[in-house]
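Derivation of every value follows stated rules applied to the coordinates shown; laboratory data play no part. Quick caveat, the model's predicted, so the values are computed rather than measured. We place every Cβ from the backbone using ideal geometry, glycine too, and count neighbours over all the protein chains shown.
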């Protein structure tokens, strides 16, 4: 297996409409295996074919692991999905704002509002029909990756132009917020508070 390089903006392939996959041959299987390796090496949650220079409707998604009561990852609880020619055919009315990053936009994160729950249909790596409902973070990952297949990046869906930060800026904001919260928890109330 070879390691595929991840394409970054402003590469044209990231904005291109992709074409459906029609052949489920050995070449496709090798591409899928190579994309899985690239995703795991990059420690990402998802990787769409345009991100490795291929304008086809294919994405790999690995869900977050379950956690025990102490917040530790439970081994073997991540699910790996290969989705081909996917379609979101239903979205919940409820939306949620959340932070997103992208392997093709390294060093940045932004706030995006997405449907809280979705239903997706498509094909698996062998061309078998696939249909499933996703919630919360998993729904967000699927929406993000399916957007890639339509030439849409998360930066196109920011809740506002001011809601994108470098990873360093966001980390500094998070630390400042946490410090302020800790100070307010340790503050002894006085008359007039």
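Structure above, values below:
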quantity	calculated
Count of residues meeting criterion [part of a loop (DSSP other than H, G, I, E, B), farther than 16 Å from residue 80 by Cβ and free of Cβ contacts under 8 Å to residues at least 60 places away in the same chain] in the range 1-13	5
Qualifying residue in the range 49-59 (condition: more than 26 Å from residue 115 (Cβ to Cβ) and assigned to a loop (DSSP other than H, G, I, E, B))	yes
Residues of the range 88-102 satisfying the condition of being assigned to a strand (DSSP E or B), under 19 Å from residue 148 (Cα atoms) and touching a helix residue (DSSP H, G or I) at 6+ places or on another chain (Cβ under 8 Å)	88, 98, 99, 100, 101
Out of 175, 171, 162, sole residue that is part of a loop (DSSP other than H, G, I, E, B), surrounded by fewer than 16 Cβ atoms within 10 Å (Cβ to Cβ) and out of contact with any strand residue (DSSP E or B) (no Cβ under 7 Å at 6 or more places or on another chain)	162
Filtered residues of the range 119-159 (kept if surrounded by 15 or more Cβ atoms within 10 Å (Cβ to Cβ) and under 10 Å from residue 83 (Cα atoms))	120, 121, 122, 123, 125, 130, 142, 145, 146
Residues that are touching a residue at least 40 places away in the same chain (Cβ under 8 Å) and either crowded, with 17+ Cβ neighbours inside 10 Å or in a strand (DSSP E or B) (or both), drawn from the range 64-80	80
Selection count, the range 103-148, where residues are out of contact with any helix residue (DSSP H, G or I) (no Cβ under 7 Å at 6 or more places or on another chain), touching a residue at least 60 places away in the same chain (Cβ under 8 Å) and closer than 18 Å to residue 164 by Cβ	1
Residue match in the range 14-24 (condition: assigned to a helix (DSSP H, G or I) and either in contact (Cβ under 8 Å) with a residue 12 or more places away in the chain or under 22 Å from residue 152 (Cα atoms) (or both))	yes
Filter result for the condition that a residue is within 17 Å of residue 36 (Cβ to Cβ) and surrounded by 12 or more Cβ atoms within 10 Å (Cβ to Cβ), over 105, 84, 88	84
